[in-house]
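All remarks here apply to the structure that follows.
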Amino acid sequence: MKARVTAHEAAPPLPGPGGEGANARWQQRSVASVWHPCTQMKRLQAVPPLPIASAAGPWLTDHEGKRYFDAISSWWVNLFGHADARINAALKDQLDRLEHVMLAGCTHAPAVELAERLSARTGGVLGHAFFASDGASAVEIALKMSFHSWRNRGLIDKREFVCLRGGYHGETIGALAVTDVALFRDAYDPLLMRSHIVMSPDARQAQPGESAADVARRALADLESMLASRHAHIAALIVEPLVQCAAGIALHDPLYLREARALCDRYQVHLIADEIAVGCGRTGTFFAFEQAAAGSETPPVWPDLVCLSKGITGGYLPLSLVLARDTLYDAFLDDDTARGFLHSHSYTGNPLACRAALAVLDRFDTEPVFERNRVAAEALTAVLQRVNDDPRVSGGLRHLGMMWAFDVRADLADPAFAERFHLAGRQLGLLIRPIGRTVYLMPPYVLDADGAAWLAQRTLDTLDQVLPSTPGSRHAA
Ligand SMILES: *Cc1c(COP(=O)(O)O)cnc(C)c1O
C-alpha cells in the first residue's frame, strides 16, 4: 500500500498563485462578503472555507499550492474530473456559437439533441424533456406537472404527495415539503404543504434475520396502506431510486422500486424518480431506475417522471431537467393556453449547459465508463472492507457503483464529528464531508485502481486521526 500512496503523493505541489498568506486573505474576504450555503456563518470564523484557486482531474488546489482530492465530487456534481479536456473543448466551441437564447419561442441544437439522447436512454418511454437550472427546480416542476396533469384530466382532488422517511429533494418550498431532513426542514415547516411520509426501505433498518428485500417489503406494505386509503387525493409518490444520499447513503433493495411502480399503477398515482444524485452512472447504470427490474422476470419498468441534474453537465454548469412520459405530456395538449405547462425559468435549457451535458453523454457513448469504474471500485472496496471489523464502525461498509459509506458508532461520534473529520481530511489532502456520523466517498469517475486504493487508505487515515483506534479513548480524553 505504501508504494501506492507514494505514487499519488509524488507530484510536487504546484506553486501557489497567491503566495504565502493568500489562503487566509481569501478566507477573510469570503467570510465578510459571501453568505455561504448550508453553513452556520457564525461557525465560519472558526472553520473558514477552503479557498480553491484551480482544479484538474480529481484535484483541487488552494491559493498556496496545496492539493486536495475531491472525494465527494464537489457536492456530487462532478463526473469526469475538473477541467476535463473534452468538456472544456465542447464548451469553448459552443461559446463562440451561441451562449444563450430563450427557450420559449426559440430553440437550439444542444437542447434538442440532449432531449433526444436522454429519451433514447429510456428506450423512448420518457419522450419529453423539460429544462430548468437546479435540482430543486426540477423537483418543483415534477410536482407541478403531476398535479396539473391530473387536474387537466378532471381529477382535481389529486393534489397530495407521498415521500419517504429521510428523503431529500432540495431546499425550495415545494421540494422541502417532500423532504424529511429535520435540520433543513423544521424552521420552514409552517410554510410547507403537508405531504405523507411513508416508511423508507433503508436496509439499515433490517432486524436480525431480515434481508434488505424484507425491509423493502415492509416499506411497501406501508406505502400500500397509504395509497389504499388516500389514492383519490394523491398525485404522486417521489423517491430517490436505490440510494437516499442525504439520509447518509442509505441503500435499499431494487425490489422496492419495481413493486412501488406496480402499486402506483394499481392506485393511479404518478411515480417521480429523483435521480438528481443517483443518475448519470453513479449507481453503475446510467439511470438508477434501470436496476428496478434487475434479478426479476419483470420487463424493464420506468417512472412517470425523472428528475436529473448534478452530474448531467459533468459538474460544470447548473442544468436540470424533467423527463416525462407521453401520457402525462398529452394531458397538457389543448387549445386552452392555461391547460399547458406554463412554468419557466430565464435560463431554461441554456445552450452552454446543454452542450456540456452532450459532451458528458459522448463520454458514456464512446468510453467503457462503467467497466473502468468497476475496476476502480474493486480496488477501493478492497481497502475499505477493513471497516467491517473495525470496532469504531457500526453496520459495516455500504457500496453501490461509485459510492461508499460507513457509519461511525453513535456513542463515538460527538456532534462535531463531521466537522472534525472534514478538517482532519483537509490536513491529509482530502475534501470530504461526512453526513452526521456517516463517512462517505463519492469520487469522480477518473480513478484508476491505484488512485482508488490511495483514496480509501487516506480516508481510513483520517478516521484514525479523528477517532484514535481504541474505542472509548476519545471519551477518556
Ligand atoms: C442535490 C439534490 C437535490 C437538489 O438539487 P439542487 O441542485 O441542490 O437544488 C434534489 N434531490 C436530490 C436527491 C439531491 O441529491
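The values are calculated or read from the model by the stated rules, or taken from the named source; none is laboratory data. No experiment lies behind these values; they were computed from the predicted model shown. When we count neighbours, we look across all protein chains shown, and the Cβ atoms used for this are built from the backbone with ideal geometry, even at glycine. What goes into the accessible areas is simple: the full protein's heavy atoms, side chains included, and nothing from ligands, DNA or RNA. Shrake-Rupley method; radii C 1.70, N 1.55, O 1.52, S 1.80 Å.
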- Of all DSSP beta bridges in the chain, what percent run antiparallel (nearest 5)? 65 percent
- Message: Nearest 500 deg cm²/dmol is fine: what mean residue ellipticity at 222 nm does the chain get from its DSSP H runs of n ≥ 4 alone, each adding -39,500 (n - 2.57), divided by its residue count?
- Response: -11000 deg cm²/dmol
- Query: Top to bottom by accessible area (1.4 Å), largest first, where do 157, 253, 335 land?
  - Reply: 335, 157, 253
- Task: Take a quick pass over the chain and tell me how many lysine pairs come in under 22 angstrom between Cα atoms, counting only ones 8 or more apart or on separate chains.
- Result: 4
- Message: For the ranges 183-191, 93-101, what's the packing order if you count other beta-carbon atoms within 10 Å of each residue, average per peptide, and put the highest first?
- Response: 93-101, 183-191
- Message: Give me a comma-separated list of calculated 3J(HN,Hα) values for segment 375-392, in order, Karplus coefficients 6.51, -1.76, 1.60 applied at θ = phi - 60°, integers in Hz, x for any Gly or Pro.
- Response: 5, 5, 5, 4, 5, 5, 4, 4, 6, 6, 3, 3, 5, 4, 10, 8, x, 7
- Query: How high is the relative contact order of the chain, given as a whole-number percent (alpha carbon pairs under 8 Å, six or more residues apart)?
  - Reply: 19 percent
- Using a/c under 1.5 as the rounded threshold, could you call segment 183-285 rounded, prolate or oblate? The axes a ≥ b ≥ c are square roots of the C-alpha gyration tensor eigenvalues, and prolate needs a/b larger than b/c, oblate otherwise. rounded
- Item | Added length on full extension, which subtracts the Cα-Cα distance from 0.36 nm per residue, residue 151 to residue 232 | 27.9 nm
- Note on the structure: Regression test value, accessible area per residue of the chain, probe 1.4 Å, units Å², expected 44 Å²
- Per residue of segment 318-333, in order, report the coupling 6.51 cos²θ - 1.76 cosθ + 1.60 (Karplus, θ = phi - 60°) as ³J(HN,Hα) in whole Hz, putting x for Gly and Pro. x, 8, 9, 7, 10, 9, 10, 6, 4, 4, 6, 4, 4, 5, 9, 7
- Message: Order 403-409, 311-317 from most to least packed using the mean count of other Cβ atoms within 10 Å.
- Response: 311-317, 403-409
- Query: Tell me, how many Å apart are the Cα centres for segment 252-282 and for segment 125-153?
  - Reply: 16 Å
- Note on the structure: The alpha-carbon center of segment 385-454 and that of segment 20-58 are separated, in whole Å, by 23 Å
- Message: Give me the extension gain from residue 125 to residue 326: residue separation times 0.36 nm, minus the current Cα-Cα distance, reported in nm with one decimal.
- Response: 71.6 nm
- Query: Nearest 0.05, what FRET efficiency do residue 173 and residue 117 give at R0 = 41 Å with Cβ-Cβ as r?
  - Reply: 0.80
- Per the rule of 0.36 nm per residue minus the C-alpha distance, extending residue 85 to residue 378 adds in nm 102.8 nm
- Task: Extending each Cα 7 Å along its Cβ direction at residue 419 and residue 92, get the distance between those two points in nm, one decimal.
- Result: 4.3 nm
- In nm, to one decimal, how far is the residue 25 label point from the residue 104 one, both placed 7 Å along Cα→Cβ? 4.5 nm
- Item | Area accessible to solvent at residue 33, 1.4 Å probe radius, in Å² | 90 Å²
- Note on the structure: Of every hundred units of 1.4 Å-probe accessible area on segment 87-366, the number belonging to carbon and sulfur atoms, as a percent, is 53 percent
